[in-house]
Amino acid sequence: MASNKGTSLRKYALVRLALVVPMVFVVVTMVFLLMRVAPGDPISASLGGHAPQSEIDRIKTELGYDKPIYQQYVEYLGQLARGDLGTTITDRRPVTDIVRENGAATLELTFYAMIVAIIVGVTFGLLAGRYRDTWIDGTGRLFGIVIYAMPVFFLGLMAQLFFGSYLGWLPTSDRASPIVQATMETHTGLYTVDSLINRDWPAFTDSVKHLVLPAVTLGLVTAGIFIRLIRVNVIRTMKDDYIEAARARGIDERSVVYHHAFRNALVPVITIVGLTVALLLSGAVLTETTFNWPGIGHTLLTYLQNRDYAAVQGIIIVFALVVVIASVIIDFVNAYIDPRIRY
Amino acid sequence: MAVTTPADTTLAPRGRRLNGIRRAFGPVAEARGMARTMLWLGAGITLAFVLIALLAPVISPYDFDAFEANGKRFPQLEAPSRDHLMGTNVQSTDVLSRVIWGTQTELKVVLVSLLISIGVGVPLGLFSGYFGGKLDRVLVLIMDALLVFPFLLLAIVIAFLLSDKVGQGILTAAIAITVVYIPLYFRVVRNHTISIREEPFVEAARALGAKPLTIIRKYVFFNVVQNVPPLATLNAADAILTLAALGFLGYGIQPTEAAEWGYDVNRAVSDAASGIWWTGLFPGLAIVLLVVGLTLLGEGLSETVNPVLRKRSIAPVDLGAAAPIDLEAAPRNEQP
């Protein structure tokens, strides 16, 4: 990277993409080592230790687990390069199928959760930062801290108790009622979108009702991060010279705050969204378990219980890839917005 | 500019090192306003939990796994009553006792995991940052790769792998959590070390012929270590949440070994459908309260230590009076 001066956006993008390759390589290698070398024998583990030796050997040969470890590693890399994430041991399902089917459920949950998080987080964060050290700041921060301290599964449980058992307003598990799930014609796998495409209004309301509690629960917990970071950002921005300059020019305070300070304080929101992707995925695993949401995290836990190392390996790599891709996208957007970032 | 104060103290003779520590923590006493409230409120809550944990054998009405007393079996899923202030759960154990003993478990795990992650992360960061080179590049790559995983997944997988070998105890849970936090300490310490390495006082020490280890120990360490207490407190809060999440998913501590709040909340999910609230509410509230306490303490600390956010008692007055004068004087002198 000798000629760094005057980097164009395209050059930045290429360099950034080139940096992804070693990262993915290290991640994949780590997961492989963790899952293949540590546990000893994944086949007999997945069969529960009761299967006869001949059966174990047969499956081992079939899946290539009898080859030396470095050969397995090289073959696995080759598989990945072709876009094949492997096949589960217990039910012989390609991991890519899991991603397609259960991934849609997770995507739907996390997407709406992110919207809730942004709305709540940005509002409270801006207000708390703007009115620093007043009761508004106090309330906003307290809310931020309490919501951050709230395990997503506990908030979910309380929501189930109150809105599900006590008030009886909203369903507390699954993505939709059984009939809707059985009759839904799928296009995207996102129930709220599919039902709209089908113009099936009852199905739409049904899936929205099922979505409310999990999405709001996950969104609120994620909002805690937004509140904290945006608040600090507003405070930092309000101390900047250009704010002082705007005030000195006689621009009235409201305009300074809304047009000058807030706008700049919100640029990092894109970065925060990127950072919260990993957090959101962790939260999704818990939310899916709490609300019996058939997403990819829920599936991962099922395979963990069945000690299916191949499935776990594949799904973990998918999670890591999602985070890597998200961070690359965020970097691109940031570089596009702020030319100083392109190095 | 954050560097100057502690830099003076590390250059001071050996006997006055305590002075340096006092000065590093000086801002704590100077904290005012919200930071002060947060700091002391957080410290109070945390201390209360520590006391509960220490006094668990004395104040807990029953053992964490007791389902009978004096030969009489406890009722199952009983609502809070005089005998069981927080009711009983499906296994007929007393919820209050489980909450109290759970405090001990959470704090033990968090303490062990913090000690390991600081013990590994800080030295690695110091050496990697100071010496640089190939080792640094490899370490950064590994740590960044670790940070790529959603932290909970990493913890689950480690706990899952260890549970086969070591069993599901406090150590397993602590190690699973540790793996998540080592990269954080590594990153913070390494980046700070790199910037300190180029400071004139370090260069001076190098010119005087100080060995690298001496420089790291005497000049770099004290400057870098300032960042650790706020980070550690916030991580402790985070670690409680991770442990509870592990317990909730069934990869935490074996229920026969100790009481754990997250596991209890998980058992309560099936009670929720029938409107039973006491089995989940109390352990959940305990998690929230302890995490709030630690977060307040951590945020209070970072707000007092971090110069960007710091507000001292005199500062607002000073700034208000000094700034206009500076503004008038400075530009004229600096005009080319």
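Some points to look at:
- Among residues of segment B:194-240, those that are among the polar types (S, T, N, Q) and more than 30 Å from residue B:176 (Cα to Cα), counted: 2
- Those residues of segment A:202-215 which are of a type in the set (Ser, Thr, Tyr) and within 14 Å of another protein chain (Cβ to nearest Cβ), in sequence order: none
- Scanning segment A:305-322 for residues that are in a helix (DSSP H, G or I) and surrounded by fewer than 21 Cβ atoms within 10 Å (Cβ to Cβ), we see that the one that is modelled with the lowest pLDDT is A:305.
- Some residue of segment B:71-90 being closer than 28 Å to residue B:235 by Cα and at pLDDT below 80: no
- Residue count for segment A:90-104 under the criterion of being modelled with pLDDT of 80 or more and part of a loop (DSSP other than H, G, I, E, B): the result is 3.
- Residue selected from segment B:273-294 under the condition within 19 Å of the chain's Cα centre (by Cα), more than 7 Å from every other protein chain (Cβ to nearest Cβ) and crowded, with 20+ Cβ neighbours inside 10 Å, by the criterion nearest to residue B:49 (Cα to Cα): B:290
- For segment A:236-278, a residue qualifies if it is touching a Phe, Trp or Tyr at 6+ places or on another chain (Cβ under 8 Å) and within 22 Å of residue A:113 (Cβ to Cβ), and the qualifying residues are A:269, A:272, A:276, A:278.
- Residue within segment B:183-190 that is outside any helix (DSSP H, G or I), within 14 Å of chain A (Cβ to nearest Cβ) and of a type in the set (A, V, I, L, M) present: no
- Flag for residue A:83 being over 18 Å from the mean Cα position of the chain (by Cα) and assigned to a loop (DSSP other than H, G, I, E, B): yes
- In the condition set (1) surrounded by 13 or more Cβ atoms within 10 Å (Cβ to Cβ); (2) more than 16 Å from the chain's Cα centre (by Cα), residue A:74 is compliant with all but (1).
- Enumeration of residues in segment A:91-111 that are more than 18 Å from residue A:222 (Cβ to Cβ) and polar (S, T, N, Q): A:96, A:102
- Failed condition for residue B:301, given (1) more than 9 Å from chain A (Cβ to nearest Cβ); (2) more than 23 Å from the chain's Cα centre (by Cα); (3) modelled with pLDDT of 75 or more: (2)
- Check on residue B:143, among the hydrophobic types (A, V, I, L, M, F, W, C), touching a Pro at 6+ places or on another chain (Cβ under 8 Å) and within 24 Å of residue A:32 (Cα to Cα): yes
- Residue within segment B:126-149 that is of a type in the set (A, V, I, L, M, F, W, C), crowded, with 22+ Cβ neighbours inside 10 Å and under 12 Å from residue B:189 (Cβ atoms) present: yes
- Counting only residues that are in contact with a Lys or Arg (Cβ under 8 Å, 6 or more places away or on another chain) and among the polar types (S, T, N, Q), segment A:239-296 holds 0 of them.
- All conditions but one from (1) free of Cβ contacts under 8 Å to residues at least 40 places away in the same chain; (2) facing chain B (nearest Cβ under 8 Å) apply to residue A:325; the one that does not is (2).
- Exactly one residue out of B:213, B:162, B:208 is over 29 Å from residue B:297 (Cβ atoms), at pLDDT 80 or above and touching a Ser or Thr at 6+ places or on another chain (Cβ under 7 Å), and it is B:162.
- Subset of segment B:243-257 (residues that are more than 9 Å from chain A (Cβ to nearest Cβ) and part of a helix (DSSP H, G or I)): B:243, B:246, B:247
- Only one of the numbered conditions (1) within 14 Å of chain A (Cβ to nearest Cβ); (2) surrounded by 23 or more Cβ atoms within 10 Å (Cβ to Cβ); (3) of a type outside the set (Phe, Trp, Tyr) is violated by residue B:220, and that is (1).
- Hits in segment A:293-304 (condition: touching a helix residue (DSSP H, G or I) at 6+ places or on another chain (Cβ under 8 Å) and modelled with pLDDT of 85 or more): A:293, A:294, A:295, A:296, A:297, A:298, A:299, A:300, A:301, A:303
- Elements of the type helices (runs of 4 or more DSSP H) sitting completely within segment A:110-201 and holding at least 2 residues that are within 14 Å of chain B (Cβ to nearest Cβ): these cover A:135-149, A:152-159.
- Contacts under 9 angstrom Cβ, first residue in segment B:138-150 being under 12 Å from residue A:29 (Cβ atoms) and at the interface with another protein chain (Cβ under 8 Å from one of its Cβ atoms), partner surrounded by fewer than 21 Cβ atoms within 10 Å (Cβ to Cβ) and of a type in the set (S, T, N, Q), 6 or more apart: B:145/A:29
The values are calculated or read from the model by the stated rules, or taken from the named source; none is laboratory data. Note that this is a predicted model, so its numbers are computed, not measured. With ideal geometry, Cβ positions are generated from the backbone for all residues, glycine too; neighbour counts draw on all protein chains shown.
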